[in-house]
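Here the structure is laid out as structure tokens; the discussion comes afterwards.
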Amino acid sequence: MAKSNKPIFWSLFAAGGTLAAFLAPVLALLFLMVAMGHAPAVFSYANLHAFAAHWLGKLSILGVITLFLWHAAHRLRVTLHDFGLRQDAVVAVAVYLVAAAGTALTVLYLFRI
């Protein structure tokens with residue numbers, strides 16, 4: 001039986017999709033509230049910076065961004081295949097490299113906070 005790396009990408013895709021389904025609407029609502037000037041005091045710059053500076057906050061932010069990126073990469077791969085781009089190996093390498101680069105840049109940025 002041939003070994004495959006598909007379970008790794010499918011697990012990241014499923015985790016990202018589940019997180020996106022639960023968290024993205026909440027984030028959209030919070031950003032809308034901030035944009036309209038109705039943000040609660042807990043969303044002040046000082047509070048958000050303190051959250052992002054704590055190790056648990058960094059881990060949460062890293063988890064959300066990383067899983068969203070890997071979910072989007074797999075969705076883009078499937079969408080390009082549906083549109084007729086049949087070089088699956090090239091597309092897979094490209095989209096997963098972008099997701100990996102985004103993950104690495106997120107880690108780098110979070111270490112700088």
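The values are calculated or read from the model by the stated rules, or taken from the named source; none is laboratory data. Values in this document were obtained by computation on a predicted structure and should not be read as measured data. Cβ atoms come from the backbone with ideal geometry, glycine included; neighbour counts cover every protein chain shown.
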- Query: Does segment 31-76 hold any residues that are farther than 22 Å from Arg112 by Cβ and surrounded by 14 or more Cβ atoms within 10 Å (Cβ to Cβ), and which are they?
  - Reply: Ala39, Trp70, His71, Ala72, Ala73, His74, Arg75, Leu76
- Residue that is modelled with the highest pLDDT [pool: residues in segment 55-113 that are among the basic types (Lys, Arg) and within 15 Å of the chain's Cα centre (by Cα)]: Lys58
- Query: Using beta carbons and a limit of 6 Å, which pairs, at least six apart or on different chains, have the first residue in segment 56-71 and closer than 9 Å to Ala99 by Cα and the second one in a helix (DSSP H, G or I) and of a type in the set (S, T, N, Q)?
  - Reply: Thr66/Thr103
